[in-house]
Amino acid sequence: MGVTVWYFVRSGPGELNPLPRARVERFFDGARMPQDDGVLRYVQVVVRTENRKPVEVGRIGYFQHRVLRNGTLDREHMQEVMAVASEAAFGGMVGSEPSRGVVEASHRFAQRRLENVHQWKPSQAELAALRALVNRKAGRRLL
């Protein structure tokens, strides 16, 4: 059993298009990508495979990144997102003990902030488009 990752870019409301993995990687290295009001929105679909044939969707993520006017990644904002991600992952491991009767929950609030700045919620039209694209790419019904 193996795993592969498929990407689809949101080109406009209700529209998704296949996005080669190499293009996603180049974007993080400084290449330009299409944007929607200063934000790149894309879908990451993790697919389990057997003999290199898709058999099951493992996970779907809806991510967004701020981009500059020229279509490149806003690295300053990305650093802020990474700081929030670190707080969400490790914020509950504070070195000092919380006050008696106080529940340490800063990591939970950080997780919510991270979801708000790094993820987007697809519309029904986008979900339908994703279903059609994934099933077409798989050559069978996966979604």
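Laid out as a table, the results:
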| item | result |
| --- | --- |
| Single condition Glu87 does not satisfy, out of (1) surrounded by 12 or more Cβ atoms within 10 Å (Cβ to Cβ); (2) touching a residue at least 40 places away in the same chain (Cβ under 8 Å); (3) in contact with a Lys or Arg (Cβ under 9 Å, 6 or more places away or on another chain); (4) over 18 Å from Pro122 (Cβ atoms) | (2) |
| Residue under evaluation Leu40, criteria (1) surrounded by 18 or more Cβ atoms within 10 Å (Cβ to Cβ); (2) closer than 22 Å to Arg136 by Cα, criterion not met | (2) |
| Candidates Ser96, Ser123 - the one that is among the hydroxyl-bearing types (Ser, Thr, Tyr) and modelled with pLDDT of 90 or more | Ser123 |
| Of all residues in the range 44-83 being of a type in the set (Asp, Glu) and in a strand (DSSP E or B), the one that is farthest from Arg131 (Cα to Cα) | Glu50 |
| In the range 1-42, residue nearest to Ala128 (Cα to Cα) [restricted to those that are in a helix (DSSP H, G or I) and in contact with a Leu (Cβ under 8 Å, 6 or more places away or on another chain)] | Phe27 |
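The values are calculated or read from the model by the stated rules, or taken from the named source; none is laboratory data. Small disclaimer: the values here were computed from a predicted structure and weren't measured. Cβ: placed from backbone, ideal geometry, glycine included. Neighbour counts: every protein chain shown.
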